[in-house]
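The values are calculated or read from the model by the stated rules, or taken from the named source; none is laboratory data. Keep in mind it's a predicted model, so treat the numbers as computed, not measured. Neighbour counts are summed over all protein chains in view; Cβ atoms, including those assigned to glycine, are modelled from backbone coordinates with ideal geometry. Areas reflect the complete protein model, heavy atoms only, side chains present, ligands, DNA and RNA absent. Shrake-Rupley method; radii C 1.70, N 1.55, O 1.52, S 1.80 Å.
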Amino acid sequence: MESIINWTNSNSGFLALIIFLVTLFLGWVTGIFKALKRKPKLKMEILQGPTFCASFDTPRTWNGHQAHRTAISIYLSITNVGSAPTDIKEIHVGYKSQSHSLPFLWFWLKELTASKSDFVMKLGDDSKVFPFLMQRNQLTENQIDTYLLEGKRCNGVVYFEQEESWGNYLPKVQDNKMKVKVRVCDVYGNYYTAKSVINKVTLQAAKEVCEKFGETRESLVEA
């Protein structure tokens, strides 16, 4: 023991240097692991409100079959519960289609559609205008920031119109309800999903909330 103490006293400067270098190394390694652990994580919730689907005929036929479209609106809440910021890049919605016999298959709408009118609900004598998540409202000013810092939340309506279809390319419905899956992709290529059951309504009922529901793609055809 005495020899160890004597050696330590004689080489105190060298030991201090070693301890300093080890401390730097451990700090560097710890910092790397902390940086690796920092990543975003999005939690999604499909909210009540203008969350519904409508399928409706178009003026055309395909090979003798009546053509139709399906439009879906989702009132979506997204919260970053991770440890790093991120931004929303894409949002998709999927539904169980009558044309798909396998239960694990989803029919995906991968392109957001610009709605031609706002979603407005009557609340007694007043009205509530719901913000869009990825486009601007017409009746109110909304600036939804989809760049989500840690703990930040955003919410708004996302709207989809399916390309003109025919036959069984329609949602599976039971008791006027259908299953949907929402998938969000952030700028880092991470995917996050949420499932829910939403109402299937008539086009007339949908237009009571959004005056020009289902009219976006049709206006492009007419143009």
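Pairs exceeding a 24 Å alpha-carbon distance, out of K110/K200; K39/K128; K110/K177; K89/K122; K96/K200; K43/K110: K39/K128; K89/K122. Dividing the convex hull volume of the alpha carbon atoms of region 157-223 by its residue count gives 144 Å³ per residue. Of the GluC sites (Glu not before Pro) found in region 37-116, the ones in coil according to DSSP and having at most 14 other Cβ atoms within 10 Å of their Cβ are E111.
Note on Y147: accessible area is roughly 100 Å² with a 1.4 Å probe, heavy atoms of protein only. The slack between I144 and K212, meaning 0.36 nm per residue of separation minus the straight C-alpha distance, is 22.3 nm.
The orientation-averaged projection of the convex hull spanning the C-alpha atoms of region 31-140 amounts to 11.8 square nanometres. Net length available on complete extension from D87 to N168 is 25.6 nm, with 0.36 nm assigned per residue and the Cα-Cα distance removed.
Computed with a 1.4 Å probe on the full set of protein chains, the accessible area for W166 sits at about 100 Å². Under a 5 Å amide H cut-off, with hydrogens placed 1.01 Å from N, K172 pairs with K96, S97, Q98 among residues at least 5 apart or on other chains. Cα-based radius of gyration for region 78-223, normalised by 2.2 N^0.38 Å, reads 1.14. Here K207 sits with roughly 60 square angstrom of accessible surface, probe radius 1.4 Å. Calculated accessible area for region 97-180 comes out at 62 Å² per residue, all protein chains present (probe 1.4 Å; ligands, DNA, RNA ignored). Ordering R69, R136 by accessible surface, largest first, gives R136, R69; the 1.4 Å probe counts only protein heavy atoms, with every chain in place. Distance between the 7 Å Cα→Cβ label points at K128 and A205: 1.8 nm.
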